[in-house]
Amino acid sequence: MKSMIVCLFIALTAQAQFSAEDMLKSCVYTNDTGETFAYRLSAPQFPSAGKKYPLILFLHGSGECGTDNLNQIKVGVPALMETCLKRAGPVMVMAPQCQVGNTWVKRLAMREDYAASREIAPPLEVALEICRYLVAERQADPDRIYITGLSLGGFGTWDAIQREPTLFAAAIPICGGGDIRRVQEIKRLPIWVFHGRDDKNVAIACSRRMVEALKLAGNRKVRFTEYEGAEHNVWDRTYANPEVIEWLLQQTRAKKPWWKCW
């Protein structure tokens, strides 16, 4: 799809005193029909010719919905960016923003009998479209695209990987949930799930159901961290953990066997 991105880039090698707003510059994605979608992007300021960079897609929570293209990087992202700054090598981070009433998923997977809608929610569809654009521009490494999200974004993360399991190398859904009937699609995907045991906003059962279903489907790469005594906000400690981010960035997209390439 012919498209245009208007944005400014900034290196992740910037000094730690910069805020998330400084490091993720305001961008506007315009598709071939003229529709626009606001997001934030951090990428190498002077990318090396021919070099590809890992890309983390971040999906914000419901409290950060809006049209200011700013609120989505105020929660969770500061801790994520600080940890990325401390590691060797640049990382691209993309944070789109969805509007109130038009979010990452059409319904939340709060119940065991939840079934995902047939159609993808428009904001999530555009977010994935931007990921593909960055790959087409030879900036993002197609084998190292990652997704993470918190709360509403956690539900969006599950939905994204179940709809596009071959797009991502790994996922970190935080206090979310998905469709347990569709875990076969992601039974080979590395997934590290996080949830507070005393979460009153999103019951921990939402994550537990997905993890159990994945294990029954044969996923040997799923991990689950339950924070004892923690409630809804477990994303800061998760993103501030270097082990978590290193694990994420070590994953690469599974290659198809040669006999499936024909």
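Any read-out appearing in this document is the output of simple, stated calculations on the displayed coordinates, not a laboratory observation. Bear in mind the structure is a predicted one, so any value in this text is a computation, not a measurement. Please note: Cβ atoms are built from the backbone with ideal geometry, for glycine as well, and neighbour counts cover all protein chains shown.
Within segment 228-238, being polar (S, T, N, Q) and part of a helix (DSSP H, G or I) holds for one residue alone: Thr238.
Which one of the conditions (1) over 24 Å from Glu185 (Cα atoms); (2) of a type outside the set (Gly, Ala, Ser); (3) out of contact with any strand residue (DSSP E or B) (no Cβ under 9 Å at 6 or more places or on another chain); (4) surrounded by fewer than 16 Cβ atoms within 10 Å (Cβ to Cβ) does Arg118 fail to meet, given that it meets all the rest? For Arg118, the exception is condition (1). All of (1) on the phi < 0 side of the Ramachandran plot; (2) under 18 Å from the mean Cα position of the chain (by Cα) hold for Glu35 with one exception: (2). In segment 189-229, the qualifying residues are those that are buried (at least 18 other Cβ atoms within 10 Å of the Cβ) and small (Gly, Ala, Ser), and the one that is nearest to Met110 (Cα to Cα) is Ser207. Screening Ala88 with (1) touching a helix residue (DSSP H, G or I) at 6+ places or on another chain (Cβ under 9 Å); (2) surrounded by fewer than 20 Cβ atoms within 10 Å (Cβ to Cβ); (3) among the aliphatic types (A, V, I, L, M) gives one miss only, at (1). Just checking, does segment 239-256 include any residue being touching a strand residue (DSSP E or B) at 6+ places or on another chain (Cβ under 7 Å), surrounded by fewer than 17 Cβ atoms within 10 Å (Cβ to Cβ), in a loop (DSSP other than H, G, I, E, B) and not polar (S, T, N, Q)? No.
Cβ-Cβ contacts under 9 Å between residues 6 or more apart (or on different chains), taken from a first residue in segment 229-246 that is farther than 16 Å from Ala171 by Cβ to a second residue that is basic (Lys, Arg), are listed as Gly229/Arg197; Ala230/Arg197; Ala230/Arg237; Glu231/Arg197; Glu231/Lys200; His232/Lys200; Pro242/Lys86; Pro242/Arg87. Can you find a residue in segment 198-217 that is of a type in the set (Val, Ile, Thr), free of Cβ contacts under 8 Å to residues at least 24 places away in the same chain and closer than 22 Å to Arg253 by Cβ? Yes, there is a match, as at least one residue in segment 198-217 is of a type in the set (Val, Ile, Thr), free of Cβ contacts under 8 Å to residues at least 24 places away in the same chain and closer than 22 Å to Arg253 by Cβ. Residues that are out of contact with any His (no Cβ under 8 Å at 6 or more places or on another chain), more than 18 Å from Tyr114 (Cα to Cα) and not in a helix (DSSP H, G or I) within segment 189-217 comprise Leu189, Pro190, Ile191, Trp192, Val193, Phe194, His195, Arg197, Asp198, listed in sequence order.
Scanning segment 218-227 for residues that are of a type outside the set (Asp, Glu) and either within 18 Å of the chain's Cα centre (by Cα) or not in a loop (DSSP other than H, G, I, E, B) (or both) yields a total of 6. Looking only at segment 137-167, which residues are surrounded by 24 or more Cβ atoms within 10 Å (Cβ to Cβ) and part of a loop (DSSP other than H, G, I, E, B)? Across segment 137-167, the qualifying residue is only Ser151.
Summed over segment 44-83, the residues that are within 16 Å of the chain's Cα centre (by Cα) and closer than 15 Å to Glu21 by Cα give a count of 13.
I'd like to check something: does segment 116-130 contain any residue that is over 19 Å from Ala240 (Cβ atoms), of a type in the set (Gly, Ala, Ser), assigned to a loop (DSSP other than H, G, I, E, B) and touching a helix residue (DSSP H, G or I) at 6+ places or on another chain (Cβ under 8 Å)?
Scanning segment 116-130 turns up at least one residue that is over 19 Å from Ala240 (Cβ atoms), of a type in the set (Gly, Ala, Ser), assigned to a loop (DSSP other than H, G, I, E, B) and touching a helix residue (DSSP H, G or I) at 6+ places or on another chain (Cβ under 8 Å).
Just the residues that are within 17 Å of the chain's Cα centre (by Cα) and among the acidic types (Asp, Glu), please, taken from segment 97-147. Correct list: Glu125, Glu129, Asp141, Asp143. Filtering segment 168-188 to residues that are under 17 Å from Leu108 (Cα atoms) and either part of a helix (DSSP H, G or I) or touching a His at 6+ places or on another chain (Cβ under 6 Å) (or both) leaves Cys175, Ile180, Arg181, Arg182, Val183.
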